[in-house]
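Enquirer: I'd like to ask some things about the structure below.
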Amino acid sequence: MASKVLRAVVLGPPGSGKGTVCERIARSFGLQRLSSGRFLRESLRAGGEVGVLAKQYVERGLLVPDHVITRIVTAELEKRQGEPWLLDGFPRTLGQAEALDRICEPDLVISLHVPFETLKDRLSARWVHPASGRVYNRDFNPPHVHGVDDLTGEPLVQREDDKPEAVAARLRKYKEAAKPVMELYRSRGVLHSFSGTETNKIWPYVYALLCSKIPPVHAEEED
Ligand SMILES: Nc1ncnc2c1ncn2[C@@H]1O[C@H](COP(=O)(O)OP(=O)(O)OP(=O)(O)O)[C@@H](O)[C@H]1O
Ligand SMILES: Nc1nc2c(ncn2[C@@H]2O[C@H](COP(=O)(O)OP(=O)(O)O)[C@@H](O)[C@H]2O)c(=O)[nH]1
C-alpha cells in the first residue's frame with residue numbers, strides 16, 4: 001500500500017459531483033476535505049484585504065484570479081504540513097496547479113466526467129445555503145423542508161450562474177482552464193478519470209481506488 005499520508009485532488013466541471021464525492025471520501029476515509037469555495041466564503045466573512053478582493057468575483061459567479069485564490073488556499077495548506085487532505089475546487093487552472101506543486105505535489109487526482117445535459121439538469125435543480133455552502137438538489141438530495149436549509153432553517157437560493165443560460169458558458173470556461181491541469185497530472189501518472197451520469201454509480205469505483213491507497217475508516221456507503 002502506498003503512502004498513508006495521502007494528498008488527493010478532485011477535479012470536475014461545475015455540477016459533476018465534486019462536493020458530493022468529497023463528502024463521501026471524507027466520511028469513508030477520514031480525510032479532511034479542504035474546499036476552496038469554503039475558504040473563500042470564510043475570507044469574505046472575515047472581511048480582510050483578500051476577502052474584499054475576492055468578493056466581487058464570487059458574487060458574480062466568476063473565477064477568482066489565481067493570485068488571490070492561491071494565497072488563500074496555500075495559507076490553509078501550510079497550516080496542514082505533513083497531514084493528509086482532499087482538495088475540492090482547487091486547482092482549477094495551470095497557474096493554481098503550479099502553485100500547489102510548490103507546497104506539495106498531489107499523490108492522487110480524481111477527475112469526474114459527466115455529460116453536459118446531465119450537468120445542466122443538475123445545476124438547474126441545485127439549491128444552496130449561501131452562508132455554509134451546503135448543497136441540495138430537488139431530486140437527488142432534497143432538503144427535509146422545501147426551500148429551507150436542514151440545519152439552520154434559513155432559506156435556500158438558486159445561484160444565478162446555475163441557471164441554464166449561464167451554464168454553457170461556465171462549462172466552456174471550465175474545460176479551457178482544466179485541460180492543461182489534467183494534462184499535467186496525466187503526464188505524472190496520478191490522474192484517474194471516472195465517467196457517468198450518476199454519482200451513486202461512480203462512487204464504488206472511487207471507493208475502490210481509495211481503498212488501494214489507504215484503509216477506510218467506515219465500510220462502503222451506498223449514498
Ligand atoms: N480554485 C478556484 N479558482 C478561482 N475561483 C474559485 C476557486 N474555487 C472557488 N472559487 C470561487 O468561489 C466560488 C464558489 O466555489 P465552490 O467551489 O464552492 O462552488 P462552485 O462554484 O459551485 O463549484 P462548481 O462551479 O464546480 O460547482 C466560485 O464560483 C468561484 O467564484
Ligand atoms: N440527480 C442527481 N443529482 C446529483 C448527483 N450527484 C450530485 N448531484 C447533485 O448535483 C448538484 C451538483 O453536485 P455538487 O456535488 O455540488 O457538484 P460540484 O459542483 O462538482 O461540487 C448538487 O445539487 C448535488 O446534490 C446524481 O447522481 N444525480
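Enquirer: Could you list, in sequence order, the residues of the range 128-147 that are away from ligand 1 (no atom under 11 Å from the Cβ) and closer than 23 Å to Leu44 by Cβ?
Expert: Those that are away from ligand 1 (no atom under 11 Å from the Cβ) and closer than 23 Å to Leu44 by Cβ: His129, Ala131, Tyr136.
Enquirer: Still on this structure: Of the conditions (1) at pLDDT 95 or above; (2) away from ligand 2 (no atom under 12 Å from the Cβ); (3) open to solvent by less than 40 Å² (accessible area, probe 1.4 Å), Val148 clears all except one; give me its number.
Expert: (3)
Enquirer: Are any residues in the range 159-209 buried (at least 16 other Cβ atoms within 10 Å of the Cβ) and of a type in the set (D, E, K, R), and if so, which ones?
Expert: Correct list: Asp162, Arg170.
Enquirer: Here are the criteria: (1) in contact (Cβ under 8 Å) with a residue 60 or more places away in the chain; (2) touching a strand residue (DSSP E or B) at 6+ places or on another chain (Cβ under 9 Å); (3) under 26 Å from Glu42 (Cα atoms). Tell me which single one Leu156 does not satisfy.
Expert: The number of the failed condition is (1).
Enquirer: Do you know which residues across the range 121-133 are open to solvent by 50 Å² or more (accessible area, probe 1.4 Å) and away from ligand 2 (no atom under 11 Å from the Cβ)?
Expert: Pro130, Ala131
Enquirer: Return yes when Glu105 is in contact with a helix residue (DSSP H, G or I) (Cβ under 9 Å, 6 or more places away or on another chain), acidic (Asp, Glu), within 14 Å of ligand 1 (Cβ to nearest atom) and open to solvent by 70 Å² or more (accessible area, probe 1.4 Å) and no when it is not.
Expert: Spelling it out, it is not the case that Glu105 is in contact with a helix residue (DSSP H, G or I) (Cβ under 9 Å, 6 or more places away or on another chain), acidic (Asp, Glu), within 14 Å of ligand 1 (Cβ to nearest atom) and open to solvent by 70 Å² or more (accessible area, probe 1.4 Å).
Enquirer: Kindly state which helices (runs of 4 or more DSSP H) lie completely within the range 93-212 and contain at least 3 residues that are in contact with a Pro (Cβ under 8 Å, 6 or more places away or on another chain) and aliphatic (A, V, I, L, M).
Expert: Counting at least 3 such residues, we get 94-103, 164-188.
Enquirer: What number of residues in the range 39-89 are away from ligand 1 (no atom under 12 Å from the Cβ) and either under 15 Å from the mean Cα position of the chain (by Cα) or not in a helix (DSSP H, G or I) (or both)?
Expert: Number satisfying all stated conditions: 10.
Enquirer: Scan the range 173-191 and report the pairs whose first residue is touching a residue at least 12 places away in the same chain (Cβ under 8 Å) and whose second residue is part of a helix (DSSP H, G or I), with Cβ atoms within less than 7 Å and a gap of 6+ or a chain change.
Expert: Qualifying pairs under 7 Å: Pro180/Leu94; Val181/Leu94; Val181/Ala97; Leu184/Leu94; Leu184/Ala97; Leu191/Met182; Leu191/Tyr185.
Enquirer: Please list, ordered by first then second residue, the pairs with beta carbon atoms under 8 Å, 6 or more apart or interchain, first in the range 42-56 and free of Cβ contacts under 8 Å to residues at least 12 places away in the same chain, second buried (at least 16 other Cβ atoms within 10 Å of the Cβ).
Expert: Qualifying pairs under 8 Å: Arg45/Gly51; Gly51/Ser43; Gly51/Leu44; Lys55/Leu44.
Enquirer: Taking Ser43 and the conditions (1) more than 28 Å from Ile202 (Cα to Cα); (2) in contact with a Phe, Trp or Tyr (Cβ under 9 Å, 6 or more places away or on another chain), which numbered condition does it fall short on, given that it satisfies the others?
Expert: Single failed check for Ser43: (2).
Enquirer: Kindly check whether there is at least one residue in the range 13-29 that is near ligand 1 (Cβ under 7 Å from one of its atoms), in a helix (DSSP H, G or I) and without any contact (Cβ under 8 Å) to a residue 60 or more places away in the chain.
Expert: No; the residues of the range 13-29 include none that is near ligand 1 (Cβ under 7 Å from one of its atoms), in a helix (DSSP H, G or I) and without any contact (Cβ under 8 Å) to a residue 60 or more places away in the chain.
Enquirer: So which of Glu59, Glu78 is out of contact with any Asp or Glu (no Cβ under 8 Å at 6 or more places or on another chain) and closer than 30 Å to Glu198 by Cα?
Expert: Within the list Glu59, Glu78, the selection yields Glu59.
Enquirer: Further question: Only one residue in Arg38, Arg7 is within 14 Å of ligand 2 (Cβ to nearest atom), in contact (Cβ under 8 Å) with a residue 24 or more places away in the chain and of a type in the set (D, E, K, R). Which one?
Expert: Just one listed residue meets the conditions, Arg38.
The values are calculated or read from the model by the stated rules, or taken from the named source; none is laboratory data. Remember, predicted model here, so these are calculated numbers, not experimental data. Glycine gets a Cβ as well: all are built from the backbone with ideal geometry, and neighbour counts include every protein chain shown. Just the protein is used for accessible areas: all its heavy atoms, side chains included, with ligands, DNA and RNA removed. Shrake-Rupley method; radii C 1.70, N 1.55, O 1.52, S 1.80 Å.
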